[in-house]
Amino acid sequence: MSRVMVVWCPDWPVVAALADEGLPTHLPAAVFSANNVSACNDGARRFGVRRGMRRRDAQSRCPELKVHAAVPDRDARAFEPVLAAVEELRPGVAPLRPGLLALRAPGRFYGGEPAAAALVAERLVGLGVWDCRVGVADELFTAEQAARRAEPQDCHVIEPGASAPFLRGLPVEAIEDLPDGRDAVSLMRRLGLRTLGDVADLRASDVRDRFGPQVAWVHRVLGGDGAVLLATRTPPPELACHVDFEPPLDSAETISFSARRTADRFVAGLAQQRLVCTEVRIEARAEGESDGEVACSRVWLHPRWFGAADLVDRLLWQLQGASGPTPGRTGAVRAPVDRVVFEPVTVVPEAVHADGLWGGTEERVERGIARVQGMLGHEAVVRPVLQGGRSPRDRQAFVAWGERPAGLRPRSIDGGPPWPGTIPPPAPSRVLADPWAAEVVGPAGRPVAVDDRGAVTCPPERFRAEPSGGWQSVAAWAGPWPIEELWWEASGGRKVARFQVVGVDGRAWLLTCDEGVWWTEAVYD
Amino acid sequence: MGTPTSTADTIAQLRSRMARMHDGVPQLALETHPALAGLVQLRAGSSYAVDSASLALALMAGPSRTGSWCAVVGVGDSGAEAAYALGVDLDRTVLVPDPGDQWLEVTAALVDVVTLVVVRPPGRVPEQVAGKLAARLRKRSAALVALETRPGDWPRCEVRLTTRAPAWSGAGQGEGHLRSRRLLVEAQRGSAPPRRGALWFPAEDQTYRRAEPAAAPARVVEEAS
């Protein structure tokens, strides 16, 4: 009979949330779901914060409490390195939930159970998980209870056959974490059952009928039965690929060319798992940097999926962009690069992107556009999207081909805010990316401006909208649409007024008066 | 079974028929915006010149609303909202706002894959460049719309659309806002007399259509002469 080892990392959602933000673990923090505390750490408990407490109560007891939203994905993601670390010591790890894992206890290999537990704890502390507790027992439930009674970074071993005495002494609250456990515990208290030993003395059929299948399973465990097989996982395959350069290379072209075979290997490795990659992170590490630091890293999306040539293209663009003069990139390559890593971010089964029997138009278009991107660079090909906003320029956005639009403002017709101050339709057919300087004068050449109350100082009479065009008389005009934007920002925001001006030649313009300075923003061409 | 001579005759006949088909190029008609019906019919393999961004968008809207891909090259100031209002499917639109001096290569690459390319040439286009692109258009069954800065920038176009006498209504002296525009469009096809038509671009209800009454073709010819 194999023994079971359970590793428990208490308050895992809080640990994961703090690690995600790079905060130390001793800060009082809590994770909230539906405005109630769903998990809190020791720092918070010291102030009296408890599970199930309302948010305002928790914050009134501990004003400096770090508040995090519950993100189950984040917990699972943060637990992945822990699983991998334990898997290195002993394969066949069963993740029970984020923060709790079970494995078949290593017997003599590490020199006994306490020694193995110490090794696991040491490995986890190395990962930055300070609070981990290990329990070893004959089966899963007992081992978990043992882990919950262990000291931090320590282990609690229940000798073979000693499960029943250990469990019988536990209070009934121990089963609170089971599904529906809370109701069962409440009922047991009202029935006068104080310890699990009291429950064990009941008849099995009574327990099942009264408390449900979960407690019936605990009852069987208490009777020395109910061992369950661990649902161990297969370690996920390593899909990322990297290439090292010795000596390091400094030319973007050479690096891309040398990474070609790695890209082939990356795509082939995915294909073996019947996967294709639609989102990839490409990292280039410069010489002399430690493993943790990456010179230039970027996530790329592909409208279909990445082939080897696409990856090499992306790598080239990334390196060219990073070494070029354009600021605002994720990092710049200043030293020669000695390692390039391709890491899949999103993979999908290849069947999702399988080609149709006769090929498809879309695919042809993708290829043609990829060619243009190869000529001009990734950002040169864009697709237009509409978004919410006031000025015509705010109401549209251009998204680089293959990327998902991010940070778009919602439009009013999609249920977004109403955007008061918008110019009513028709929309101008030309929206200038960079406004032209314009000039507008009133009678006797007086400059036209908008006063504090949003009224024009004098009616516009003559204007010049195009830098190359001449002056002409105003045939009709409408406005002003005064807008005070971003006034809450420290920079002071923008206070502009928009006008529609029709010239005597019949053409219409959208002009902006920004503190007395006129700009041509769009043309009704 | 025919004799060898009759077989050869048949082959020759078939060849001549095929050659005729190649010469005449029965060009595929592309969907055209209903407002422009009677003025211009888009055909795959032809190029068109326009002088107004909204007319270019209207020409693009025809194929786009039937699910074809369109591309816009060299137009850095396209109004996406106006395009959407005209019926352009923005999900099937590709923009290359600033191709620089590679505009010809980019246009040629996009002609290979999309149905209609709108291009604003950086200046006067040499005759031979336009000729090469026209051959490519015929081969790939795509259409090209040149958005000219000055008239005559794009030589050898099938139809040249020019706007005349735009008249906006809705704006007064500070009150109201632009609502509708009546536009006279002149379609010059080779040396034939131009066709004219008045359009609401857009009308009061923000639709784009012919202004009533639609000019009868006979009258148009009279006007032109």
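Given axes a ≥ b ≥ c from the Cα gyration tensor, I'd like to know whether the range A:163-222 is rounded (a/c under 1.5), prolate (a/b larger than b/c) or oblate. Since a/c stays below 1.5, the shape of the range A:163-222 is classed as rounded. Summarising the label geometry, the points placed 7 Å from Cα in the beta-carbon direction at A:LEU239 and A:LEU301 lie 1.7 nm from one another.
Inter-chain Cβ neighbour count for B:59-69, averaged per residue, equals 1 (cutoff 10 Å, partner chain atoms only). Accessible surface for A:ILE483 stands near 10 Å², nearest 10, in the context of the full protein assembly shown (1.4 Å probe). Can you show me the helix-derived [θ] at 222 nm for chain A, built from DSSP H runs with n ≥ 4 at -39,500 (n - 2.57) apiece and divided by the number of residues, rounded to the nearest 500. For chain A, the value works out to -8500 deg cm²/dmol.
Distance between the C-alpha centres of the range A:427-500 and the range A:196-255: 66 Å, rounded to the whole angstrom.
Normalising the average separation of contacting C-alpha pairs (under 8 angstrom, six or more residues apart) by the number of residues puts the relative contact order of chain A at 8 percent.
Quick one: net charge around B:ASP9, please, counting Lys, Arg +1 and Asp, Glu -1 for every other residue with C-beta under 13 Å from its C-beta. For residues surrounding B:ASP9, the net value is +2. Extension gain, A:GLU176 to A:ARG364: 0.36 nm times the residue separation minus the Cα-Cα distance gives 61.8 nm. Rounded to the nearest 10 Å², what accessible area does A:PHE47 have for a 1.4 Å probe in the complete protein model? Estimated to the nearest 10 Å², A:PHE47 gives 90 Å². Available extension along the chain between A:ASP414 and A:ALA351 is 19.4 nm, counting 0.36 nm per residue and deducting the alpha carbon span.
Might you report the magnitude of the Cβ-based charge dipole of the protein assembly as shown about its Cα centre, with Lys and Arg at +1 and Asp and Glu at -1, to the nearest 20 debye? All intermediate terms of the calculation are to be shown ahead of the outcome.
Values: 87 positive and 92 negative charges, 380 e Å.
In total the dipole reaches around 1820 debye.
For chain A, DSSP calls about 90 percent of its internal beta bridges antiparallel. Among A:TRP471, B:TRP168, the sequence by solvent-accessible area, most first, with a 1.4 Å probe is A:TRP471, B:TRP168. Using Cβ point charges alone (K and R +1, D and E -1), the dipole size of the range A:4-157 about the Cα centre works out to roughly 580 debye.
Measuring r between the beta carbons of B:ALA165 and A:MET375 and using R0 = 51 Å, the FRET efficiency lands at 0.80. Assuming a ≥ b ≥ c are the square roots of the Cα gyration tensor eigenvalues, decide whether the protein assembly as shown counts as rounded (a/c under 1.5), prolate (otherwise, with a/b larger than b/c) or oblate. Prolate, because a/c is 1.5 or more and a/b exceeds b/c.
The overall shape of the range A:1-149 is prolate: from the C-alpha gyration tensor, with semi-axes ordered a ≥ b ≥ c, the ratio a/c is 1.5 or greater and a/b exceeds b/c. Count Lys and Arg as plus one, Asp and Glu as minus one, and take only other residues whose Cβ is under 9 Å from that of A:VAL440; the net charge is then 0. By a 1.4 Å probe calculation restricted to protein chains, A:CYS277 has an accessible surface near 0 Å², given to the nearest 10. Counting only DSSP beta bridges with both residues in chain B, the antiparallel share comes to about 50 percent.
Based on C-alpha pairs under 8 angstrom that are at least 6 apart in sequence, chain B has a relative contact order of 19 percent. Accessible area per residue (1.4 Å probe, heavy atoms of protein chains only) ranks A:THR512, A:THR422 as A:THR422, A:THR512, with the largest value leading.
The distance from the alpha carbon centre of the range A:15-92 to that of the range B:27-47 is 64 Å, rounded to a whole number.
Rounded to the nearest 0.05, what FRET efficiency is calculated for A:SER60 and A:ARG446 with R0 set to 60 Å and r the Cβ-Cβ distance? For A:SER60 and A:ARG446, the calculated efficiency is 0.45.
Local charge for B:ASP112 was computed over the other residues whose Cβ lies under 15 Å away, with Lys and Arg +1 and Asp and Glu -1, and equals +4.
B:THR10 to B:ASP112: FRET efficiency via 1/(1 + (r/R0)^6), r the Cβ-Cβ distance, R0 45 Å, to the nearest 0.05?
Efficiency, from the Cβ-Cβ distance: 0.80.
The values are calculated or read from the model by the stated rules, or taken from the named source; none is laboratory data. Worth saying up front: this structure is predicted, and the values here are computed from it rather than measured. Cβ atoms come from the backbone with ideal geometry, glycine included; neighbour counts cover every protein chain shown. The area values use the complete protein model at the heavy-atom level, side chains included, leaving out ligands, DNA and RNA. Shrake-Rupley method; radii C 1.70, N 1.55, O 1.52, S 1.80 Å.
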